[in-house]
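First comes the structure, then the notes that go with it.
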Amino acid sequence: MLLIAERHGKTTTQFMLRWNIDRNTAVIPKSANRERLKSNLDIFDFTFSAEEMNKIANLDQNKRGFVNPNNNFFLWITQFLR
Ligand SMILES: NC(=O)c1ccc[n+]([C@@H]2O[C@H](COP(=O)([O-])OP(=O)(O)OC[C@H]3O[C@@H](n4cnc5c(N)ncnc54)[C@H](OP(=O)(O)O)[C@@H]3O)[C@@H](O)[C@H]2O)c1
């Protein structure tokens with residue numbers, strides 16, 4: 001991701017924001033920092049190639065960092081809160 005971001009003269013954060021938007025995901029980057037607000041908006045002056053999009057998609061290992069909401073999430077959360 002760093003290599004692709006650098007190729008476009010962007011940070012990895014900008015890379016991730018644009019990539020999510022290109023996938024039609026709603027992205028809401030909150031920041032209290034003026035420079036980061038500007039940077040988070042400065043993401044529309046480049047496009048990913050099809051090869052880059054494929055490389056990024058191939059990073060997916062179908063793993064989650066948190067519980068799967070489709071798999072007894074509410075049961076898990078009630079047990080966790082007890
Ligand atoms: N999370 C949710 O489930 C949820 C649901 C509905 C609505 N929202 C709304 O979505 C917005 C974001 O929510 P959130 O939970 O994601 O906010 P958050 O975690 O409270 O804040 C985002 C964090 O990202 C940092 N950040 C922003 N731009 C960055 C950049 N370019 N590089 C490095 N760090 C950066 C911010 O730091 P700095 O401020 O220091 O830049 C802040 O610490 C909010 O307006 C919230 O109300 C969130």
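The values are calculated or read from the model by the stated rules, or taken from the named source; none is laboratory data. Note that the structure is a prediction, hence the values are computed from the model and not measured. In this analysis, Cβ positions are derived from the backbone assuming ideal geometry, glycine residues included, and neighbour counts consider all displayed protein chains.
Quick notes
A quick yes/no check of all residues on (1) without any contact (Cβ under 8 Å) to a residue 24 or more places away in the chain; (2) among the polar types (S, T, N, Q); (3) more than 15 Å from residue 13 (Cβ to Cβ):
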position	(1), (2), (3)
26	yes, no, yes
56	no, no, no
60	yes, no, yes
79	yes, yes, yes
82	yes, no, yes
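- Scanning the range 4-22 for residues that are part of a loop (DSSP other than H, G, I, E, B) and within 13 Å of the ligand (Cβ to nearest atom), we see that the one that is surrounded by the fewest Cβ atoms within 10 Å (Cβ to Cβ) is 11.
- Qualifying positions in the range 40-78 - loosely packed, with under 10 Cβ neighbours inside 10 Å and either among the basic types (Lys, Arg) or touching a strand residue (DSSP E or B) at 6+ places or on another chain (Cβ under 8 Å) (or both): 63, 64
- Of the residues in the range 23-35, none is surrounded by 10 or more Cβ atoms within 10 Å (Cβ to Cβ) and either at positive phi or in a helix (DSSP H, G or I) (or both).
- For beta carbons closer than 6 Å, sequence separation of 6+ or different chains, a first residue in the range 2-17 that is without any contact (Cβ under 8 Å) to a residue 40 or more places away in the chain and a second that is of a type in the set (A, V, I, L, M) and in a helix (DSSP H, G or I), the qualifying pairs are 12/2; 12/5; 15/5.
- Residue 65 satisfies every condition listed in (1) assigned to a loop (DSSP other than H, G, I, E, B); (2) of a type in the set (Gly, Ala, Ser); (3) at pLDDT 90 or above except (3).
- Count of the range 37-53 residues which are in contact with a helix residue (DSSP H, G or I) (Cβ under 8 Å, 6 or more places away or on another chain) and assigned to a helix (DSSP H, G or I): 4
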